[in-house]
1. Wholly within the range 127-204, which helices (runs of 4 or more DSSP H) include no fewer than the required count, namely at least 1 residues that are within 20 Å of the chain's Cα centre (by Cα), over 21 Å from Gly115 (Cβ atoms) and touching a residue at least 24 places away in the same chain (Cβ under 8 Å)?
2. Restricting attention to the range 326-342, does a residue exist that is touching a residue at least 60 places away in the same chain (Cβ under 8 Å), open to solvent by less than 30 Å² (accessible area, probe 1.4 Å), part of a helix (DSSP H, G or I) and polar (S, T, N, Q)?
3. So how many residues does the range 39-71 have that are closer than 18 Å to Glu97 by Cβ and open to solvent by 50 Å² or more (accessible area, probe 1.4 Å)?
4. Have a look at Ala37, Ala44 and point out the one that is in a helix (DSSP H, G or I) and of a type in the set (Gly, Ala, Ser).
5. Give the number of residues within the range 1-47 that are of a type in the set (Phe, Trp, Tyr) and more than 22 Å from the chain's Cα centre (by Cα).
6. Which pairs have Cβ atoms under 6 Å, sit 6 or more apart or on different chains, and link a residue in the range 23-39 that is closer than 18 Å to Ile378 by Cα to one that is at pLDDT 95 or above and of a type in the set (Phe, Trp, Tyr)?
7. Within the range 39-46, can one find any residue that is closer than 25 Å to Ile83 by Cβ and in contact with a Gly (Cβ under 9 Å, 6 or more places away or on another chain)?
8. Among the residues of the range 389-402, is any crowded, with 17+ Cβ neighbours inside 10 Å, touching a Ser or Thr at 6+ places or on another chain (Cβ under 7 Å), of a type in the set (A, V, I, L, M, F, W, C) and closer than 24 Å to Leu145 by Cα?
Amino acid sequence: MLSRVSWRAWSWIVPATVALLALAVRAVRLSAPSRLAFDETYYAKDAWSLLEHGYVLDYVDGADDRIADGELSGLFAAEPSWIVHPDGGKWLIAIGESLFGLTPFGWRISAAVVGALTVLVLARLLIRLTGAIWVGALGGLLLALDGVHFVMSRLALLDVFLAFWLVCAIACLVADRDWLERRLADDDRWRVWRPWQFVAGLAFGMATATKWSGLYVLAAFGLTIVLWEVAARRRCARTRGSAPPSWWRGLLRVGVPSFGWLVLVACAVYLASWTGWFVHHEEYERRFGNGYGDYAAWGHLAEPTGGPIGGAVDALRSWWHFHVMTWDFHTGDYLADKTHPYASHPIGWLLPWRPVAVDTSTDVPAQQCGAPEDSSCISEVLILGNPAVWWIGTLALLAVLVMMFRKPSWRLSVPLVGLAATWLPWFATADRPIFSFYSVAMAPFLVIAIGLAANGVHRRCAQRGRGRWSAAALCAYAVVVAALFVYFYPIWTDVLLPYDSWRQRMWLGTWI
């Protein structure tokens, strides 16, 4: 048995080691493909504009070709761009570009680092949930070797940053629950200052400043932690032989401070992420509002208020109507009749049914990859989940759901609430093009479900004297995950393959 000091040390050493492995495999061939892939064409250039101008400008025609040729002057027009996502994630992409330039490595390195950090935080979260270092190591390894998270950690898209901030926020809320439990053991005082909730609010703010879908997770876990605490306080009161607080009284006394630490702090962070917009709001008004006196494009007509305070009010009003315009873009009729060959219904995301090819080169001469003369070569970057993670993860979710019904636990609610908040809202927008790579925000909760289910099964087997058998099975599962990672690695990293070799990896027709 490890001493407490040794256990704490290893509980950091093991996750850090897995995270370094995750970073290493993500950094290899990070510059492939050597061009802007899929929606990188928006976010990489937006990030560069933030660095150069402090806000996002429209880019000129042929900007992608200029970037590919190393010509970085004259990329942007004079008017601001209609950004349909906040700038939080784009500023993180900009960090890499500031260090390594507007190059494939520069616009992707931030995603690789954040992806590895997500592995670290997730492994630590699982250790906190289960008290078992091996569960953290397994969970970190599964996320590190999952195809969706792996590929998204190698692209300048926003979703991997969203996933990171969400995992950070949930890890803080779980730490807050442990913090509360330790203090309830001494006394049942109602505490207003909640440091972990405050940090969670910062993380939720950054998640929402990356993509608005972070709001669903904030709302879901905001309600969940209030229920966690009220239930814990009632249980503690009964244990001490005192009358438990009523549910309504408890909900108010817990909910109001939690609303402040989570929602209000998140709102402040989100507002701060629009600093560039506020500094340059007049440029946005001139383009999208037709001047101060005419906000017809935003459904609003008003004269400028004038003065410093009035100018701030005008900026906030314009900012709000910019949000309304963007919301209409996401939910209105504009996208309802659009189609995309890689669009998919969220009902198939758990099993992965329809992956997304973000870059493909076909009909490459056979001699370049050693294919038969009558064949050809192909390279691809396919956002496809590791089947051993997603298929087993779906079963693990069902197992956790059954465990929750049999013996409810706040720990078991973490993956269930997380998956519901990151998956179910997409069903409301299934009538427009949406993509399975959004499921990268679901992946951590799927892995948490695997970790909790594996821990439960192993404990039960150990109690029955079969611990070695369950340990061997878990090791075998990890080996299968690693083997499939190696097998699918070429189609995740743009490796040139003979057509027949590529076709063998297309297990389902919907993967093509």
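The values are calculated or read from the model by the stated rules, or taken from the named source; none is laboratory data. Note that the coordinates shown come from a computational prediction; the quantities given were computed from them, not determined experimentally. Counting neighbours? That spans all protein chains shown, and the Cβs are built from the backbone with ideal geometry, glycine included. Accessible surface areas use protein heavy atoms only, side chains included; no ligands, DNA or RNA. Shrake-Rupley method; radii C 1.70, N 1.55, O 1.52, S 1.80 Å.
1. Values: elements: 133-144, 147-152, 159-184.
Answer list for the range 127-204: 159-184.
2. Looking through the range 326-342, at least one residue is touching a residue at least 60 places away in the same chain (Cβ under 8 Å), open to solvent by less than 30 Å² (accessible area, probe 1.4 Å), part of a helix (DSSP H, G or I) and polar (S, T, N, Q).
3. 11
4. Working: Ala37 fails: in a helix (DSSP H, G or I).
Of the residues listed, the single one that is in a helix (DSSP H, G or I) and of a type in the set (Gly, Ala, Ser) is Ala44.
5. Of the range 1-47, the ones of a type in the set (Phe, Trp, Tyr) are 7, 10, 12, 38, 42-43.
In the following step, the residues that additionally are more than 22 Å from the chain's Cα centre (by Cα) were identified as 7, 10, 12.
Number of matching residues: 3.
6. Pairs that qualify, where the first residue is closer than 18 Å to Ile378 by Cα and the partner is at pLDDT 95 or above and of a type in the set (Phe, Trp, Tyr), are Ser31/Phe105.
7. To start, the set of residues in the range 39-46 that are closer than 25 Å to Ile83 by Cβ comprises 39-46.
Those still in the list that are in contact with a Gly (Cβ under 9 Å, 6 or more places away or on another chain) too: 43-44.
Yes, there is a match, as at least one residue in the range 39-46 is closer than 25 Å to Ile83 by Cβ and in contact with a Gly (Cβ under 9 Å, 6 or more places away or on another chain).
8. No - not one qualifying residue is present in the range 389-402.
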